[in-house]
Amino acid sequence: MASTEEELALAKQAKAAIEGKLTTEAIEVLRKAYRMAAMQPAFAGAVRDARHNVGLALPPVTGGQPNQEEIDNAKLAIDDWLEALGS
């Protein structure tokens, strides 16, 4: 289990990755963010919901040739995750 600070740092890295060109390095950051969101404890509330949404939104982006809608969904999920974490 990661600390909130570690989770927030990775969420910020994911935001930068999804907003840039989806390079191999960016995809790896997004995969790490997916794993982070999926492995954190599922307490009730906005953070849990945001983690869940990141877990749903990132696999289509990291698994191949995402379309613009999938990228936009991932951006929204990451923004919500950052907001829920207090950024």
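The table below gives the values:
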{"quantity": "Filtered trypsin sites (Lys or Arg not before Pro), the range 1-53: DSSP coil and at most 12 other beta carbons within 10 Å", "calculated": "K21"}
{"quantity": "Surrounding net charge for Q40, when Lys and Arg each add one and Asp and Glu each subtract one, Cβ distance under 11 Å", "calculated": "+1"}
{"quantity": "Unit charges on C-beta of K, R, D, E only; dipole of the chain, Debye", "calculated": "200"}
{"quantity": "Taking the C-alpha atoms of the range 4-84, convex hull volume expressed per residue in Å³", "calculated": "74"}
{"quantity": "Backbone N within the range 39-64 under 17 Å of label point (7 Å from L76 Cα along the Cβ vector)", "calculated": "49-61"}
{"quantity": "Calculated [θ] (222 nm, deg cm²/dmol) that DSSP helices of n ≥ 4 give over the chain, each run adding -39,500 (n - 2.57)", "calculated": "-25500 deg cm²/dmol"}
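Values in this text are rule-based calculations from the coordinates and carry no lab data. Please read these numbers as outputs of a predicted model, since none were measured by experiment. So basically every Cβ, Gly included, is an ideal-geometry build from the backbone, and we count neighbours across all protein chains shown.
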